[in-house]
Amino acid sequence: MSDHRHKTVFTTGEAAEICGLSQQTIIRCFDSGQLSGFRVPASRFRRIPRDKLLKFMKEHRIPLDALESDRVKVLVVDDDPDIIEMFVDALTKDGRFEVRTARTGFDAGVEANRFRPDIMILDYMLPDINGNVVCKTIRESEELQQMRILIISGVINKSEIDTLLQAGADDFIKKPFNISTVVDRIVELVQG
Amino acid sequence: MADCTQMPQPLPGVPTSRQLDLLVEQLAMLPPLPAPFLRALNRCWEGELSLEDLQLCLEADPAVSAAMRSLANEFIGQSVDSDVQALAQTPLHHCLALLVWRWVYAPLIGSRVESYRPLWRQSLRQALLAEQAAGELPACSAFLASLLHDVGRAGLLHCLPKAYDRLLRSAGASSPQVEMQLLATDHLLLGRRLAMHWQLPSYIQDCIWLHHQPPEALPQELASTRLIKLIQWARFVSSHSVAELAQVRLQAKLEQMSQAVGVAPQAVPAMLADLPIQLSSLEMIDLAPLTDRPMPRPARKGNDALATTPAAQPGALTALTASLRPETSLPEVCRGIAQAFASTLAIESAPADGAGDQPCFAFALAGSTCLAASSGPVGSRCVRSWQCRTHVRPPEQYLLPADEVLARLIQDQSWKELLSGIEYDCIPLAGSDGRMSGGILLPRQRSVPRETIAPLLDLARFAISSCADRAEADHLAEESAAATRRLAQVQQFLAEAQALASVGEMAAGAAHEMNNPLTVISGRAQLLARRLTEPKDRQDMELIVRKADELSELATQLLSFAQPQDPKPQVVSLPELLTQTVQEAANQAQPKPRCQSVDIDIQPDCGRVRCDAQQLHDVVQELLVNAAIASKGRAAVQIRADNADGAVRVQVIDNGPGMNSATLAMAFVPFFSSRPAGRGRGLGLSQALRKIQANGGRMWIESQSGAGTTVIIELPKAEPEDRQ
């Protein structure tokens, strides 16, 4: 099966593969309006956004495994519930991500071992331990070596950022941020 | 021109009030003040100044009398025949201002009225304010003390006519601290010496040398403390406009200072509004004739005659005794003694050929200063001083060669010019503590046996010893006052550092605590914007995002202002750094303002400085942006670099509209901006100053309305042994 993990738009062939249907069936559903999508401008090619495909699969009780397993696993760690909620909303809506959350450094360690995320979005200042300690602990674990760490914090001291990068963080983005920039960076880091 | 946690401007060195002696040499021969004027000054403080006192003052000098009558003519529009009538027709402060100009300022000024006019005008403004706010103090004493409190500045202008203004301009400020750095003395100490020379009443003397003292350091028991605070208040009020005083930070200071002198802060705007009318009335006094006409002869020094007229020793003794008063200064005592010996020896010994023209000298040791006065005519450098060794024991001989004694006292050979190659003998004098206190230098051909001049010698020993002790005590008092002022500066420096540290902690906390909610506000607005279809609705959401970013950026700037990065000093090639910064400024993306062109002129021998390259780059970039805004991108901006006493000076010059004095005074204050609201936060220059100070440098601005602006940075030059 092709890698659909980071795709946001699918062709009818890809949709057929994901749903386990024939391409003709997908085309019929598209043309009848049961499966939403759009045609490529100046051509007749059909395209189906990820969230529309997901909706179609849920409506027709098609197993989601093929699509779900492709999603990027993201662990959001922040002590502010509003920020966690915002990340969950933004990433879930995008459809490419499977999101879990933690509010302390300790919970972050437990959840990382359990969930094995592709990437951790980590707030620097946590109630129990600082982000650099979390980074170091994760980098010491053999199982989590491949996990990416993106630090997001309102603290902007350059020396602290350098310490974080030395402790094993892959990148730093300052709060407040542009959501699209963060999403793009997550994808880049995971692909990279 | 202040000053800031990274140990910024070097604090001035130990004040050496003895440096003053060099300047006092020039002031020693100023004519004394007429007795009626001194009496009037005292009567003012006692609150008993009468018309008769002023009438006596006018009678003492025809120039004053004529000026007063002419002034009265102006007031009533008809001819005035008598001094009494003139005094009755003009406000009291007109007469007082006229007397002060004539007898205090005019002898200092010579023909340079215009050089002194700004100082005079400034003093008049302050005097008028102090007079209005005098309350329970006699209004005339408040006016006089305020008018005279900056006389030390006039003294410095007199001693350094061409240099004083220029020195202060180059330092970008005018304060005792700057004067101390540049001249190793200040106008307060010089003013005090002038006041002592003129024997001004103690309330005026106190105001002259203590008006920069922090209010809490003024002794409560001092009778003139309230008057000094009143002068400090008048200085503060007169240097600001009503609009400036309405600003929050100045308002608090105004209230505090006004409370200390019993003035209602609400009354200040009305006082300032009245000021121009009163000032123009006082400026009706025609200063030129008061300055040009010679001083009346009786005001000359009493002992002048002794130097020229031979008299019997008892006569010389009597004259010397009569001239000695508790307030007589050390140069005057030495000169009186030298003249007494000269006149005595003219009778006691028959001078050899030409010896009659050779002056006698008397010298005194006060602390580490040796001060010598000649019996020669006035104006022939008759008072001179040197640094000398202390605690010298006097030789036991009555008479020995002068060069032997002077070489023991003074380390260098500078005393030799005093004797002009003529052979002198020295009679050493011992003080009450057994140390040498001074001596008499007599031309060798005119030396006389001890017995002949014993009474005169005893009087000289006593006079020099007691006066030198008093001069030393004065030195200590002056140094103590200067130390108190320095202590206050250090306290202020520490308070500022503490305040900045608190702001830093607060900003760090705020950056974290504000950025979390701002992230939610901005993030939610971005998510909402995706769902909205109406362009206007989307724009509104984007505005929320933009403003959240601005608020976050403000917290970031505040943090970097309060907690600047520690500099990483290295040897920096100035031409390289300046060229690179200018190129970056030219290539940067809009909307940052850009200069039309930048001319760089770097002197060949100032290529390397020691500083943090990134911080210097940031500062120059900030200055270029400011210059571009000032010149509206239409005129060329210049960057010059040259040497300045072991440092390298970089100047960024624009031909913009310049700054007025109020803007200039506030230029480095955080959050002050003269640009329209919403354009800049006013942190750029203050941040730049902190960075330069952190790198051991100085930064100041020279600007005038309509004449462009020059920002000057001074950085330590890299030593040849410094490595990259």
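The values are calculated or read from the model by the stated rules, or taken from the named source; none is laboratory data. The structure displayed is predicted, hence computed values, not measured ones. Here the Cβ is made from the backbone with ideal geometry for all residues, glycine too, and neighbour counts use every protein chain on show. Surface accessibility is based on the protein's heavy atoms, side chains included, excluding ligands, DNA and RNA. Shrake-Rupley method; radii C 1.70, N 1.55, O 1.52, S 1.80 Å.
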Accessible-area value, A:Ile179, 1.4 Å probe, nucleic acids and ligands omitted, Å²:
10 Å²
Debye intensity ratio in log₁₀ form over the Cα atoms of chain A, taken at each q of 0.13, 0.15, 0.16 Å⁻¹
-0.73, -0.88, -0.95
Rg in Å to one decimal, and Dmax rounded to a whole Å, for region A:9-68 via C-alpha atoms:
10.6, 34
Once you keep just the Cα pairs under 8 angstrom separated by 6 or more residues, what percentage relative contact order results for region B:35-297?
23 percent
In whole Å, how far is the Cα centre of region B:95-109 from that of region A:95-139?
81 Å
For region B:478-562, fraction of C-alpha pairs farther apart than 17 Å, in %:
63 percent
Under 30 Å Cα-Cα from A:Lys93, which lysines qualify once same-chain neighbours fewer than 8 residues away are excluded?
A:Lys7, A:Lys52, A:Lys55, A:Lys58, A:Lys73, A:Lys174, A:Lys175, B:Lys536, B:Lys547
Excluding ligands, DNA and RNA, what is the solvent-accessible area per residue of region A:67-192 at a probe of 1.4 Å, expressed in Å²?
44 Å²
Which three extents, in whole angstrom, do the alpha-carbon atoms of the protein assembly as shown cover along their principal axes, largest first?
141, 70, 51
State, in angstrom, two size descriptors of region B:35-297 derived from its alpha carbons: Rg to one decimal place and Dmax to the nearest whole number.
18.2, 55
Between chains A and B, what is the buried accessible area summed over both chains (1.4 Å probe, protein heavy atoms, nearest 100 Å²)?
1700 Å²
Average other protein chain Cβ within 10 Å of Cβ, residues B:509-515:
4
Enter the accessible area of B:His158 (Å², nearest 10), with the probe set to 1.4 Å and all protein chains included.
40 Å²
Loop-only trypsin sites (Lys or Arg not before Pro) in region B:86-137, please: DSSP not H, G, I, E or B, and at most 14 other Cβ atoms within 10 Å.
B:Arg112
For the full complex of protein chains and a 1.4 angstrom probe, list A:Glu85, B:Glu702 by accessible area with the highest value first.
A:Glu85, B:Glu702
Given the DSSP H assignment, sum -39500 (n - 2.57) over each helix run of at least 4 residues in the protein assembly as shown and divide by its residue total; what's the result at 222 nm in deg cm²/dmol, nearest 500?
-16500 deg cm²/dmol
Give the average, rounded to an integer, of partner chain Cβ atoms located within 10 angstrom of each Cβ in B:522-529.
5
Using a 1.4 angstrom probe on the protein heavy atoms only, line up B:Lys568, B:Lys691, A:Lys52, B:Lys547 by accessible area, largest first.
B:Lys568, B:Lys547, A:Lys52, B:Lys691
To make sure I understand the rule: partners must be lysines, Cα under 23 Å from the Cα of B:Lys632, and not fewer than 8 residues away in the same chain. Which ones qualify?
B:Lys592
Within 10 Å of each Cβ in A:170-176, how many Cβ atoms from other chains are there, averaged over the peptide?
5
Quote the accessible area belonging to B:Glu46 in square angstrom, nearest 10, computed with a 1.4 Å probe and with ligands, DNA and RNA left uncounted.
110 Å²
Which sequence of B:Phe671, B:Phe236 reflects their accessible areas, 1.4 Å probe, from the largest down?
B:Phe671, B:Phe236
Rounded to 5, percent antiparallel among DSSP beta bridges of region A:72-191
5 percent
Ratio Rg/Rh [Cα only; Rh per Kirkwood] for region B:570-716:
0.94
Using a probe of 1.4 angstrom, how much of the accessible area of region B:402-445 is carbon and sulfur, in percent?
43 percent
In the protein assembly as shown the DSSP beta bridges are antiparallel at a rate, in percent to nearest 5, of 70 percent
With a cap of 16 neighbouring Cβ atoms within 10 Å, and only residues DSSP puts in a loop, list the GluC sites (Glu not before Pro) found in region B:188-254.
B:Glu221
